[in-house]
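See below for the structure under consideration.
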Amino acid sequence: MKKIVNHSLLFIVAATLLAFGTFLSLPESIRATSQDVQVIEITAKKYEYSNSPIHVKAGTKVQLKITAIDHDHGLKIGSVPDGASSSDKAGLVFTSEQECWQLKKGETTMIEFLPQMPGTYSFKCCHTCGLGHKGMKGQIIVEP
Ligand SMILES: [Cu+2]
């Protein structure tokens, strides 16, 4: 009789662990709520953006907060990954798309977007800021 009790206890424990394991193995996109936001803070200065390349996950909204430290700068980024045609489906969906975001010295500018398609998205400075302006670039890498 005692053996049967032990067996059923073991079964309950195993079933509980199995249920818990199933929950943990659900893809993150199902467990995560749509309220999740990836907040990324970087700086812009002559002639670089900090923390580039910036890694983000597809499917979760991004708030990119950029502070221009030493000078006015800019940021220009396309909505399609590098190598894609500009008429292709957008991989980054901006809350308020702009041709060139102006980054004012000493101010923090927030750029919000939903990364929908994995890939590399290069950006560059679009506000003439000095001799090294043309080389002021960065990358956002959207991971699956
Ligand atoms: Cu510049």
| task | Could you please find all residues in segment 64-95 being within 17 Å of CYS126 (Cβ to Cβ) and at pLDDT below 95? | result | GLY78, SER86
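Working only within segment 51-87, note down all residues that are aliphatic (A, V, I, L, M), crowded, with 18+ Cβ neighbours inside 10 Å and away from the ligand (no atom under 16 Å from the Cβ).
Restricting attention to segment 51-87, the residues satisfying the condition of being aliphatic (A, V, I, L, M) are 54, 56, 58, 62, 64, 66, 68-69, 75, 77, 80, 84.
Those still in the list that are crowded, with 18+ Cβ neighbours inside 10 Å too: 54, 56, 62, 64, 66, 68, 75, 77.
Correct list: ILE54, VAL56, VAL62, LEU64.
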| query | Take the residues of segment 109-132 that are in contact (Cβ under 8 Å) with a residue 60 or more places away in the chain and more than 16 Å from the ligand (Cβ to nearest atom): which is surrounded by the fewest Cβ atoms within 10 Å (Cβ to Cβ)? | reply | THR120
| query | Identify, please: which residue in segment 74-122 is assigned to a loop (DSSP other than H, G, I, E, B) and on the phi > 0 side of the Ramachandran plot and is, among those, nearest to the chain's Cα centre (by Cα)? | reply | GLY83
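The values are calculated or read from the model by the stated rules, or taken from the named source; none is laboratory data. On a predicted model such as this, the values are computed, not experimentally measured, just so you know. FYI the Cβ positions are ideal-geometry reconstructions off the backbone, even for glycines, and counts take in every protein chain you see.
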